[in-house]
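Contents: one structure, followed by commentary.
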Amino acid sequence: MEKKEKIGVYVCHCGTNIAGVVNVGEVSTWAAENLKDQGVVVSRDYKFMCSSLGQELIQKDIKEYGLTRVVVAACSPHLHEATFRNACKGADLNPYLCELVSIREQASWVHTDKVAATEKSKALISGGVSRVVYNEPLEPLYVPIHPATLVVGGGISGIQAALEIADAGYRVYLVEREPSIGGHMAQFDKTFPTLDCSACILTPRMVQVGSHPNITLLTYSEIEKVEGYVGNFTVSIRKRARSVDEATCTGCGICWEKCPKKVVDNVFEAGMGNRKAIYVPFPQAVPKYPVIDRENCTFYIKGTCKACEKFCPTEAINFAQEDEIINVEVGNVILATGYDPFDARRITQYGYGRLANVFTSLEFERLSNAAGPTGGNIVLRDGKTVPKVVGIVHCVGSRDKNYNEYCSAICCMQSLKFAHLVHERTGAEIYNFYIDIRAPGKGYEEFYHRLLDEGTHFVRGKVAEISDAVRLPGEEGKLIIQVEDTLTGNQLRVPVDMAILSAGLEPRRDAKAVAKQFGISCSADGWLIERHPKLDPVATVTEGIYIAGCVQGPKDIPASVAQGAAAAARILGKIMQKEIALEPIRASIKEEQCSGCRICNNVCPFNAILFHEDKMVSEVNPALCQGCGTCVAACPAGAISGTGFSNQQILSQIEGLMLLNIKSHKETVPA
Amino acid sequence: MKEYAYFPGCSLEKMAVSYHLSALETTKKLGIKLKELEDWNCCGATTYFYIDELLAYTLCARNLAIAEKTGLDVVAPCSACYKNMYFTAAHLKKDADLAEHVNFALEEDNLQYNGNVNIKHLIEVFAQDVSAEEIKSKVTRPLEGIRVAPYYGCQIVRPQKEKEDVEQPQFFEGILSAIGATPVNYPLKMRCCGGSLIISSRTAALAMVRNLLQSAVDSQATVIATACPMCQVNLECYQQQVNQEFGTNFSFPVLYFTQLIGLAFGIPPKKLGIGKEFVSIAPSLLRAGQSKD
Amino acid sequence: MSKPKFAMYWAASCGGCEIAVLNIHEKILDVDANFDVVFWPVAMDAKYKDVEAMEDGSILLTLFNGGIRNDENEHIAHLLRKKSKILVAFGSCACEGCIPGLANFSPVKEIFDTAFSTISTDNPDNIRPQTHYAMPEGEITIPTLYPVLRTLDQVVDVDYYMPGCPPESHQIAAVIDLVIQVLQGKAELPPKGATIGAGNSTVCDECKRKRNEKTIKAFGRIQLIHADPELCLLEQGIPCNGPATRSGCDARCPSAGAQCIGCYGPAEGVVDYGARLIAAFASVIDSDKPEEIDRILDGLVDPAGQFYRFNLAGSLLKAAKPAWKSNGG
Amino acid sequence: MTEETKSFEPTIIGFTCNWCSYRAADMAGTARMKYAPNVRLIRLMCSGRLDPTFVFKAFASGADAVLISGCHPGDCHYISQNYKALRRFHLMKRVLTQLGIEPGRLKLLWASAAEGAIFASEITKFVEEVRALGPLNWPQPGEQVSTPIMEEVTA
């Protein structure tokens, strides 16, 4: 320590929240007497430090005593660190020279022994004082924000986000893997609980996206590479070859009419219907241009056919078309890549894939859709028999330790919707097998009551098995659903004609790879993690990367739309500011001490560390660095230092916490 | 040559001697040696664990300790023996206190169990340790056209060992396909045969047997294949009582899977213990076996 | 004008440092030409009482090698501190404990048992040396062993540190040159507390081997690995201490195909040498599964020995618990 | 537990990450869950910042035990840095064991921001475990070492 710091210590009562357990007066006096050698020149306690009067008290002392460091012993830094730092800033003290010590969450609220809590508070303050001596004044890092935005995923959430930003006058690149935008919502017939026609409300939005002057729509495309940092990302996008020239194609549809090759459509029709080898996934597709599925096209397999080319009136077919790599510069990114439905085959005892008349929810969506393979007729797998009894199994793959422990949030309402549609179109008898009915949205509970009034049976119990092993009279040709009705305690065998598995939602198969590509975190399940589960639901830990919709966790359409809009609003705010201040908690490498051993190089998940082959040294890119400090700890030469959490700060804090900085302490140690 | 420590269990000494014979014959054909454990004792069967748990564990552990000395994996053809030994080993691994108690008792016999034995059911040997190709290569008389109901019973896949499918397993079907037979879709293949309920609650057990037989008839099988002496006895020997009780008319052959494999391998039926059953097997089955001769 | 006085002393050390000094060849004549060697037990006869009689601060330069293991070491350390203007902790033992410091893993009783009662010692009556013994001529004494070995700066104030086991002769020569130039007014001394005769970076800086981003799938002992002569040893799973060890030796060991064992000690500003290596090695282990991590770590047969071979006495913990406890307290 | 260790109050230095485990401590506070007052926490940005130096420093400074806590594996705020902490923890334990420090004095605890209750109960449990181990009393600079022990061993 070259020059002696002047430190002020401020102990908050927080009403009785702290003072009720910790003897704040004693703590304050103790600090003044015992931490003098550390540089404490003033120590005070006050009823509410965070009040404007409390803050003024600190500011006055900074001026009068010429304080160079401030320690506030109060609540958690997550609550009021910003408050006290701003107070210091107001008195022309660099905000990072203020240290918060939590004696509420870590002492008064969690301990009952008043003496022990008081002693612990002293130690914590002693640690804070020892640490603050080594705090350094820091300035935030400013980087400019590129006004364009990348939206990944053209489901309803991505569509909403893209439109919000484009309407505000900024460029959006919307990237979608499938040939058309629309996502899962385009596959649905009705939406709960209003029973709006899904296509009727979605299609206008899709058209708007397709024709918006500020939206560059890249379908049948995937992200190749992401580089850069908030405000300045460079993204490479692979635009897969459609084999159709978009400039000349009019979307007239002659090509797919004439194409002789039928293919089972496992994506949009969930395997319930066919498409051609050249196709648009559905009539309202945006963009309207078809793609040739090269794996199934006769020309690509056998080298002959070219029916589409022969009939195309505008000569738009281009068999030689190649993938194209497009590089775009964007300031921010929204990931709205959605979900995969749970694969019901995994629950073998439910018989999906083995028993013909067991359907998944997505199959049923197509079955009930007027534009679907049966024209909206709800029939068995034979394509004609109308079921008389239908069983709907809830929580398939959800709330189950063997598969996913979480609740998929939408299945109850989806099941109720199915029950209603079956009732309305077939008049069949309907059983819902549920664990709990979860209907927390607006109008959802009312919809449930409507179903109860329609005479749908509700059996509370988790289905054990769906089988074709009939035994009793009347069961012939039926599926038997075996379940315990937990409200009556009875085992039931319910014979049905059709079973619908209300499959849960799962993260996309490649969610972890996407998270890695964009440098954000992903839960063990695979859902991407938001910055704060309550207060920051669409931002992520990586500045400039936002998430919206089911990529963050299962949610219904209104919630997905809200998140899309919220992410857009967050980004618009950033674009308006033109530049962004980054937290100055960063690592840096002292070049003369770095020997280029490269231990740190792949310790960083944000790729913030570059190795210069010429100089044989590594360097941290401060804009990419997120400040975790892992490289600081990993550097064998001690050549990396981290602001805000330097070795000196922590080592000194340890001594402080152990009261080694106090002279009288030595006497109390037993010899 | 693969070698296993073989724990036949009490049933195979008498009642299920045909299982014993066919197991030895078929494995021999595949180049597998089943080396019978020396001085083995009863596994405790299904009931002993409900009478004195500690002694029941000790009983099983004694066999495990003997097996451990051989350094081989243990194979049990009986599902109950397999299950008892498997979960005894699992419990001893998890519960150090139990292991200490058990080893204290085993000391009397100069034995000790250290938890290093793998326990397999005989059918696992055919399903996992031997490939379908190896089985196919030994088939001289494929059981073409024979529809077989693969009856797993309730103990082979319980408890779940790792991540294998315990709800709709397919390995039994795989073995049957390998010998040229047609495994039928047998929806009750995992249901209980009644076990020892046949003694304590006869009617209930007979109803369970009836369901299993009816399901086999409905799936148009010609024979039920089992992998457990208890299942075999319940399904076969009680058919008359089922008929009396429910007015049915079952006469349905129930064979050990090893007997079917033996037929396909061209082993003379007598060597497989065929001819000792209560319900004679359909002549068509024997013919299928011999037709390629 | 009389020449400035020079002293060199060996405490708990092997004598290698003295040989390294002699190994500077004809440069040793410069020492004689510029200094009056007043005390150097290994090279000339001198008595402690002669040193005690000298005026305080009268020796200009003392190179002190060896750690402080007994009361004699400590006495001379204090004595030379008092008599010297510049006291240099010379060599790894004085700087950080070095090999004699490895005894800090064991309690003194074990050390004595090993020395006097194991099979390699012919001592049928199990005779142990006594610190005080009455002879007809009077009481004789031998030094008393302490429970742990300490580094020089844990006992007295040290002006400069010169690491190495032993320090490289060319570095010694350079330091002697520097001191002579200072005497002639041609150069200035570095700030007190500095490390002299070594580089500011680590061994990797001087190592010519090619290196990549590191991930370690397995550690192995060097004799069991057929190592690529061009590639970084650590990347090949050979636990090389180079990344954490101060430069200055021209990467002698890695250049000769052996891993660096760390004799030049920690780099500038490092608080605990072993901790640096623990953090670095562990960070690049290529596994996230506890069992697999353990399996990989099994390849490091003696981690504490690997990381603290030269540094135990100078580390934060200084000694293992049994050594401290041999004090009886 | 001996009579001596019953009355012994260990001092434990704990390291938390900013995002999960420190928030778990906050959560325990907000929910007024009670736990033993023996742990003094140091906040780092990430468990990946945990330098083994800090652990050795804590022991050398007189701490009886050290707690390292971070986000659950797979949930790291910085994607995967807690795995680095995990690896270092495993290696540190080995080194500490060789230095005669019981491995039970170093604990790794994964706690999410929602796991205040787990954080609190694990601390109380840890304090009891350390209490049973007894004091570590690592000598401070200048303490003990100068006492010669020769008489004892030669006796």
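Long hydrophobic helices in chain A: the complete DSSP H runs spanning 18 Å or more by Cα along their own axis with mean Kyte-Doolittle hydropathy of at least -1.0 are A:77-90, A:114-132, A:198-211, A:411-426, A:557-577.
Placing unit charges on the Cβ atoms of the charged side chains and taking the dipole of region A:566-655 about its Cα centre, the candidate lying farthest along the positive direction among A:Gly642, A:Ala566, A:Thr630 is A:Ala566.
Pairwise Cα separations in region C:107-146 fall into 10 Å bins from 0 onward with the following percentages, short to long: 26, 43, 28, 3. For region A:177-287, rounded, prolate or oblate, judged on the Cα gyration tensor with a ≥ b ≥ c (square roots of eigenvalues), a/c < 1.5 rounded, else prolate if a/b > b/c? Taking the square roots of the gyration eigenvalues as a ≥ b ≥ c, region A:177-287 is oblate.
Place a point 7 Å from Cα of C:Ser58 in the direction of its Cβ. Which residues in region C:1-15 have their backbone N less than 16 Å from it? In region C:1-15, the label zone of C:Ser58 (backbone N under 16 Å from the point 7 Å along Cα→Cβ) covers C:2-8.
Hydrodynamic analysis of region C:1-149 uses the Kirkwood radius over alpha carbon pairs. Inserted into Stokes-Einstein at 20 °C and 1.002 mPa s, it gives a translational diffusion coefficient of 124 µm²/s. Residue by residue along A:653-661, Cβ atoms of other protein chains within 10 Å of the local Cβ number 6 on average.
Other protein chain C-beta atoms within 10 Å of residue C-beta, averaged over A:350-361: 1.
Using only side-chain charges placed at the Cβ, +1 for Lys and Arg and -1 for Asp and Glu, the dipole size of region B:1-49 relative to its Cα centre rounds to 240 debye.
Computed from the alpha carbon atoms alone, the convex hull of region C:183-325 holds 149 Å³ per residue. Computed over chain A, the per-residue total of -39500 (n - 2.57) for DSSP H runs of n ≥ 4 gives a 222 nm mean residue ellipticity of -8000 deg cm²/dmol, rounded to 500.
Past the 21 angstrom mark, what percentage of all C-alpha to C-alpha distances in region A:126-196 do you count? Taking all Cα-Cα pairs of region A:126-196, the fraction more than 21 Å apart is 56 percent. Helices in chain D that qualify as membrane-span-like (whole DSSP H runs, Cα extent of at least 27 Å along the helix axis, mean Kyte-Doolittle hydropathy of 0.5 or higher) do not occur. Distances between placed amide hydrogens fall under 5 Å for C:Ile285 paired with C:Ile216, all partners being 5 or more residues away or on another chain. Across the options A:Val620, A:Val172, A:Pro373, the greatest Cα extent toward the positive end of the charge dipole of the protein assembly as shown (unit charges at beta carbon of Lys, Arg, Asp, Glu) belongs to A:Pro373. Loop-located chymotrypsin sites (Phe, Trp or Tyr not before Pro) in region A:336-396 (DSSP state not H, G, I, E or B) with no more than 15 neighbouring Cβ atoms inside 10 Å do not occur. Across chain D, Cα-Cα distances exceeding 20 Å account for 52% of all pairs. When the alpha carbon coordinates of the protein assembly as shown are projected onto the principal axes, the ranges are 126, 87, 71 Å, largest first.
Legend: residue pairs A:Lys401/B:Lys161; D:Lys34/D:Lys57; B:Lys161/B:Lys271, Cα-Cα distance threshold 22 Å; pairs beyond threshold, D:Lys34/D:Lys57; B:Lys161/B:Lys271.
In chain B, a dipole from Cβ-located charges (positive for Lys and Arg, negative for Asp and Glu) runs towards its positive end, and of B:Ala204, B:Ser215, B:Gly31 it is B:Ser215 whose Cα lies farthest in that direction.
With a/c under 1.5 counting as rounded, go ahead and sort region B:136-290 into rounded, prolate or oblate using the C-alpha gyration tensor (a ≥ b ≥ c being the square roots of the eigenvalues; past the cut-off, prolate if a/b is larger than b/c, else oblate). Cα axes put region B:136-290 in the oblate bin. 3J(HN,Hα) along region A:587-601: 9, 8, 10, 7, 4, 5, 8, 6, 9, x, 6, 6, 4, 6, 4 Hz, from the Karplus curve 6.51 cos²θ - 1.76 cosθ + 1.60 with θ = phi - 60°, whole Hz, x for Gly and Pro.
Helix B:53-70 against the longest principal axis of chain B: what's the angle in degrees, Cα atoms only, rounded to the nearest 10? Rounded to the nearest ten degrees, it is 90. For region A:342-505, the extents of the C-alpha atoms along the principal axes are 38, 37, 30 Å, listed from largest to smallest.
Shown here: region A:393-447, whose C-alpha atoms stretch 36, 25, 13 Å along the first, second and third principal axes, sorted largest to smallest. Couplings 3J(HN,Hα) of region A:475-482, computed from phi: 9, 4, x, 9, 9, 9, 9, 9 Hz, in residue order, whole Hz [Karplus 6.51 cos²θ - 1.76 cosθ + 1.60, θ = phi - 60°; x for Gly and Pro].
Residue exposure proxy: A:Asp536, C:Asp250, ordered by other Cβ atoms within 10 angstrom of their Cβ from fewest to most, comes out as A:Asp536, C:Asp250. The C-alpha atoms of chain C define a longest principal axis, and helix C:108-117 lies at about 80 degrees to it. Shielding of peptide A:600-608 by partners, expressed as the average count of other chain Cβ atoms within 10 Å per residue Cβ, is 5. Computed from point charges on the beta carbon alone (+1 for Lys and Arg, -1 for Asp and Glu), the dipole magnitude for the protein assembly as shown about its Cα centre is near 3180 Debye. Anisotropy class assigned to region A:501-594 is oblate, per the alpha carbon gyration tensor with a/c at or over the 1.5 cut-off and a/b no larger than b/c. Ranking of C:Met162, B:Met190, B:Met15 by neighbouring Cβ atoms within 10 Å, starting from the fewest: B:Met15, B:Met190, C:Met162.
For chain C, the cysteines with no partner cysteine C-beta closer than 4.7 Å are C:Cys14, C:Cys17, C:Cys95, C:Cys207, C:Cys232, C:Cys240, C:Cys249, C:Cys253, C:Cys260.
Using Cβ point charges alone (K and R +1, D and E -1), the dipole size of chain A about the Cα centre works out to roughly 320 debye.
The Stokes-Einstein estimate for region A:302-429, based on a Kirkwood radius over Cα pairs and taken at 10 °C with 1.306 mPa s viscosity, is a diffusion coefficient of 84 µm²/s. All distinct Cα pairs of chain C go into the 1/r average, and the inverse of that average, the Kirkwood radius, is 21.7 Å.
Taking other C-beta atoms within 10 Å as the exposure proxy, B:Glu134, C:Glu96 rank B:Glu134, C:Glu96 from fewest upward. Counting lysine pairs in region A:7-138 that sit 8 or more residues apart in sequence, or on different chains, and whose Cα atoms lie under 16 Å apart gives 4.
Are there any chymotrypsin sites (Phe, Trp or Tyr not before Pro) in region A:15-94 that are in a DSSP loop and have at most 10 other Cβ atoms within 10 Å? List them by number. The qualifying sites: there are none. Sites listed here are trypsin sites (Lys or Arg not before Pro) in region C:108-191 whose DSSP assignment is loop and whose Cβ has at most 13 other Cβ atoms within 10 Å: C:Lys186.
The alpha carbon convex hull volume per residue for chain A rounds to 226 Å³. DSSP beta bridges fully contained in chain C are about 30 percent antiparallel.
FYI, it's all coordinate maths here, none of it is from the lab. Predicted, not measured: the structure shown is a model, and the values here were computed from it. Don't worry about glycine lacking a Cβ; one is built from the backbone with ideal geometry, like all the others, and counts go over all protein chains shown.
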